[in-house]
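Rule-based calculations on the coordinates, nothing more; no lab input. Note that the structure is predicted; figures quoted are calculated from it, not measured. No Cβ is skipped: glycine too gets one built from the backbone with ideal geometry, and neighbour counts run over all protein chains shown.
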Amino acid sequence: MILAGLAIAITLLAYLVRSARALHRKVNRNADRVTKELAAQTGRIKTEMGHVYHQFEAVEQLLPLLKLSAPLPPSRGWAASPDFLLTLAHVTKKVKPRLTVELGSGLSSLVLAKSGAKKIVSLDHSQEFGSQTREMLASHGVRGVDIRIHELESYSGKYKWYAKSTFKGLAKIDLLVIDGPPSSTNPDARYPALEHLIPLLSAKATVILDDVDREEERKLADAIAMALPNHRMMILSHEKGTAVISPKTGR
Ligand SMILES: C[S@@+](CC[C@H](N)C(=O)[O-])C[C@H]1O[C@@H](n2cnc3c(N)ncnc32)[C@H](O)[C@@H]1O
């Protein structure tokens, strides 16, 4: 009887020891996973804080250049980020473009106008967002930015891009800003700018592209730089990546 009781107690003890070890191993495995996940999250938070800090730096420099009379809509996300807008303002002031063409209207249209761009033609495929830009510009007392709203047009069924009628007749573009159409509209959505607008540039034109951290937009920037042998390309490590393609000499 005593022996049987002892055997049961030993079996129970062995079971408890095995269970405790298994639990220990499981806790260790989970702790490893949690530690790795925490390290990854910490890395992501640090990166995001870096972006936020740089955007504050950019906003601080941008606002005195613009002398605004109304509130700005939110930047980042769909809208351009402050670091891109600051570059846009500086390039515009330096280049003093007679004709600026912009693909994808928004905050960038306001920054162009407030930085002294003379004639601005901005193409937008969206009635909703193009109209919002018009209203925003009006609230800032900016007149004369020609926002041309038209749904994307099919080019021989191969791709859709801004309608021909919206850029027909444009020539000697001094500043081309590529921030549309959205990549969700087409594969390589912005690539047709190479065929349709690069031939319309003036000899000393500057081209600025947003989002070149994305493969498609970087491919377009590289192709434009290749098509303009007298220009050089600078890639700025902005939040979304900015390419500035400008003449090798002069500007
Ligand atoms: C990247 S956005 C252009 C942003 C603009 N350059 C700026 O500085 O704000 C490209 C296009 O997306 C569209 N768009 C703007 N805001 C949007 C939103 N919240 N959701 C979906 N599309 C949007 C507009 O039609 C715009 O022409």
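Given the structure, is residue 69 part of a helix (DSSP H, G or I) and either touching a residue at least 60 places away in the same chain (Cβ under 8 Å) or over 30 Å from residue 136 (Cα atoms) (or both)?
The answer is no for residue 69.
Quickly run through segment 148-162 and pick out the residues that are under 23 Å from the mean Cα position of the chain (by Cα) and either under 22 Å from residue 100 (Cβ atoms) or outside any strand (DSSP E or B) (or both).
Those that are under 23 Å from the mean Cα position of the chain (by Cα) and either under 22 Å from residue 100 (Cβ atoms) or outside any strand (DSSP E or B) (or both): 148, 149, 150, 151, 152, 161, 162.
Could you check segment 212-251 and list, in sequence order, the residues that are within 22 Å of residue 95 (Cα to Cα) and part of a loop (DSSP other than H, G, I, E, B)?
Result: 212, 228, 229, 230, 237, 238, 241, 248, 249, 250, 251.
Which of the residues that make up segment 168-203 are surrounded by 20 or more Cβ atoms within 10 Å (Cβ to Cβ) and touching a residue at least 40 places away in the same chain (Cβ under 8 Å)?
173, 174, 175, 176, 177, 178, 179, 180, 181, 190, 193, 197
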